[in-house]
Amino acid sequence: MHYRAYRILGCVLALLSLPVSAEDVAITKEAIDVIWLATAAAFVFLMQMGFAFLESGSSRSKNCVNVMMKNFMDVCLGSIIFWALGFGLMFGVNSTGWVGTSGFFMHSANSWDYSFLLFQMMFAATAATIASGAMAERAKFTSYLLLAVIITGIIYPLFGSWAWGSFYEGAGWLAAMGFTDFAGSSVVHSVGGWAALAAIMVLGPRTGRFGAKGKVHEIPGHNVNFVVLGGFILWFGWFGFNGGSTVGADVSIGLINLNTQLAAAAGGCGAVFLAYFLGKPLLVVNIVNGVLAGLVGVTAGCATMEPLFAVITGFSAALVYGGFAALLLKMRIDDVVGAVAVHGAAGAWGTLCAGLFMSGDLFNISTVLTQLTGIIVCFVWAFGVTYFAAWVIHQTIGLRVSTQHEQRGLDFTEHAEVAYPEFLQDTYYSKQNLSQIQRD
Amino acid sequence: MNLTPDAKRKQKAIFHCLKVFLPEKQLMEAMLLWQDKHAHKKGFSVRYFADDVAALTGGKHTPKKLTLTMVSAIANPVADQSDPAEHIAAYRLQVGRYVASQKSTQVTAFNVLLNKLFLLAGGELASAVKTHLKTECMASPLLSGALKVAMQKALRSENVELLLGDVPVASLKVIVNMAYVALCDNVGPVNADRLLSQTLARLESNGGAQYSDIFKSLL
């Protein structure tokens, strides 16, 4: 036994002492980069599952199939649109700093380019799916998909081209100013969040959400367990979201993912603190959203801040989420899952924190002002264009379902099925009579 | 008023034919007479109806003349004539000459459903929903004029009873949805769903099972 072990060790040492060329190293490095990027893309794809669970659990049971369908289809459509158009606009050769002009319908490219497209495709799908949760329970399925295509194909990639710019040639004008958004607090999450805000303002609240004299009627989701599971899955996926933004195997992934974890944990603690401070009940949905706010917040600066500041960023992002969510309620804006507060507001705050807590350049006013510029541009662009698109859709094919459909549930009226036919509560359908009832 | 397609055809022909002879009030009285006394008869005889119309006019028009005109109108229908059903229904409502047995099953089920819903909702909430319904029904472009008038009348009483014969299920569904929206605005959609569900459950276990299919299409 010992003799065999020594023989193996001897072979390994002999192999290690063999001379290795620079080309071999480069090939190996490229392979490892591609493997890491593809793996990280799979992590980010898993976040779609997280969103599906979270959004579905936050909706009533009569609408949860509709929510799942929106999550499923926006990644299907978004992937194709981003491959065809979005990637080129975002990462193509960018001589003006405003828009990419190459890389559409990518083909005949090298392995790293394909893996980079795959990774960025998952980001694009994330941006679109953020809006789906906010719009749940009253948006027409086909109209939502149209909006998702516009977000994935135009709104998200164009802002991305300004903030990140080309990986091939040229730089976005915001990036050239010094704007920092490492993994997309603004590029992905704020774009998605502000797009969600625009869409729900055009849509209007769910029927009965706000009663007379400012009364707010609570509409609890049907499955809190789903919300928690979704939160955990999103948390897990975020290690690929942030870690993969190195776009290659890199030793900085250690710090990046440590900051990700710390900010998430601090976000959860921040939500608990806020609840106790305000004397409000400790709701698990708020804790999950606090964690997500922490994750969104640290996404911009996870590569460029020390762990202590990741904790501060995460904790404060949860407070920002809580405050913004309360503000939206006061303004009678109905966001089913808190997407605007988590992704829009916490994303903006995190982008600012990335400037405030830049390692080796703390509290640099010039950096902070650059970040602020990017945050404002993000809001104006994402909110403005989405509002216009949603308004046009609303005026033409209609963005919202009828109150009749809201009453019956979108699962039945949009998809002719119900999620829990054996366990129906407060609905009128059973497995036996589903096929007999007129849907319109 | 549940008329067979053939009766509806005859009603249209008779209406437009008599319109030439009779002033508005007498015409409407004649049509009510046709609906209540002659429309459902298996062997409809124009002659007996013409006798009744002649009596209505005080002998101004002879039964023979009326018979010949009506037979000709029924035998040669004009395609683009308007259907007078709604007009007649509105007049019937106005003069309050309603025959209870002519209510359709859908309308009966609708009345039963609404009344149970209001009972479960309770005084203040039911009152708020009724007020909402009064406004929304009048404003809705989806409901016919006769139905709007009938709903206003029905909502004035404690026990809501829509007094119209043949109302399309789609229209009744619209009204039920208006009630749902009013419930949502007052008590929130979760409680509104619960109220509708309880209404259905109570009805199905307590005398409303016969209307079960209609309830599901109304909801």
In whole angstrom, and with the biggest value first, how far do the Cα coordinates of the stretch B:101-211 range along each principal axis?
32, 32, 24
Bins of 10 Å, starting at 0 and running to the largest distance - Cα pair percent for the protein assembly as shown
3, 14, 20, 17, 13, 11, 9, 6, 4, 2, 1, 0, 0, 0
Simple SL model, points at 7 angstrom along Cα→Cβ for residue A:22 and residue A:359; separation in nm is 2.8 nm
Along chain A, longest interval not containing exposed GluC sites (Glu not before Pro), exposed being DSSP loop plus at most 16 other Cβ atoms within 10 Å:
A:219-416
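Would you mind getting the Kirkwood hydrodynamic radius of the stretch A:256-385 from its Cα pairs, rounded to one decimal in Å? Don't skip to the end; give the middle numbers.
Values: mean 1/r = 0.0688 Å⁻¹.
After inverting the pairwise mean of 1/r, the radius is 14.5 Å.
For chain A, what is the relative contact order in percent, using Cα pairs closer than 8 Å and at least 6 residues apart in sequence? Spell out each step's value before the answer.
Values: 861 pairs, mean separation 95.2, N = 440.
Dividing the mean separation by the residue count of chain A yields 22 percent.
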Segments A:122-128, A:294-300 sorted - mean Cβ within 10 Å per residue, highest first
A:294-300, A:122-128
Ignoring the sites themselves, what is the longest stretch of chain A with no trypsin sites (Lys or Arg not before Pro) in a DSSP loop and at most 16 other beta-carbon atoms within 10 Å?
A:1-214
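What FRET efficiency do you get for residue B:131 and residue B:48 if R0 is 41 Å and r is their Cβ-Cβ distance, rounded to the nearest 0.05?
My answer for the efficiency is 0.30.
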Within the under-14-Å Cβ sphere about residue A:146, not counting residue A:146, Lys/Arg +1 and Asp/Glu -1 give a net charge of +2
Hand me the GluC sites (Glu not before Pro) from the stretch B:120-219 located in a DSSP loop with no more than 10 other Cβ atoms within 10 Å, in residue order please.
B:158
Complex-versus-alone comparison for the stretch A:214-250, residues with a loss of 50 Å² or more in accessible area, probe 1.4 Å:
A:217
Quick one: helix A:284-298 against the long Cα principal axis of chain A, what's the angle to the nearest 10°, folded into 0 to 90?
40 degrees
Filtered hits (lysines, Cα-Cα < 28 Å from residue B:148, offset >= 8 within chain) -> B:8, B:10, B:12, B:19, B:25, B:37, B:103, B:116, B:130, B:134, B:173, B:216
Estimated distance in nm for a label pair at residue B:124 and residue A:395, the labels positioned 7 Å out from Cα along Cα-to-Cβ
4.3 nm
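Which shape class applies to the stretch A:174-231: rounded if a/c is under 1.5, otherwise prolate when a/b exceeds b/c and oblate if not, where a ≥ b ≥ c are the square roots of the Cα gyration tensor eigenvalues? Walk me through the intermediate numbers first.
Details: a/c = 3.91, a/b = 1.73, b/c = 2.26.
Judged from the Cα gyration tensor, the stretch A:174-231 comes out oblate (a/c at least 1.5, b/c at or above a/b).
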Cα to Cα, under 24 Å, and not fewer than 8 places away if on the same chain: which lysines meet these conditions relative to residue A:70?
A:62, A:140, A:431
Per residue of the stretch A:391-403, what does 6.51 cos²θ - 1.76 cosθ + 1.60 with θ = phi - 60° give for ³J(HN,Hα)? Whole Hz please, x for Gly and Pro, Karplus curve as stated.
5, 4, 4, 4, 6, 9, 8, x, 9, 10, 7, 6, 5
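Placing unit charges on C-beta atoms (Lys and Arg positive, Asp and Glu negative, everything else neutral), compute the dipole magnitude of the protein assembly as shown about its Cα centre in debye, rounded to 20. Before the final figure, lay out the partial values.
Working: 45 positive and 41 negative charges, 688 e Å.
Charge dipole of the protein assembly as shown: 3300 debye, to the nearest 20.
If I take R0 = 41 Å and measure r between the Cβ atoms of residue A:42 and residue A:216 in this structure, what FRET efficiency does the formula 1/(1 + (r/R0)^6) give, to the nearest 0.05?
On the way: r = 40 Å, r/R0 = 0.98.
Working from the Cβ atoms, E equals 0.55.
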Spin-label pair residue A:373/residue A:168, simplified geometry with 7 Å Cα→Cβ offset, distance in nm
2.7 nm
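Can you give the Kirkwood hydrodynamic radius for the stretch A:145-280, in Å, rounded to one decimal and based on Cα pairs? Can you show the working numbers first?
Numbers: mean 1/r = 0.0543 Å⁻¹.
Its Kirkwood hydrodynamic radius stands at 18.4 Å.
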Relative contact order of chain B (C-alpha contacts under 8 Å, at least 6 apart) in percent is 22 percent
Rounded to the nearest 10, the angle in degrees between the Cα long axis of helix B:24-33 and the longest principal axis of the Cα atoms of chain B comes to 80 degrees
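The values are calculated or read from the model by the stated rules, or taken from the named source; none is laboratory data. Please read all numbers here as calculations on a predicted model, not as lab measurements. Methodologically, a virtual Cβ is constructed for each residue, glycine included, from the backbone with ideal geometry; neighbour enumeration extends over all protein chains shown. Accessible surface areas use protein heavy atoms only, side chains included; no ligands, DNA or RNA. Shrake-Rupley method; radii C 1.70, N 1.55, O 1.52, S 1.80 Å.
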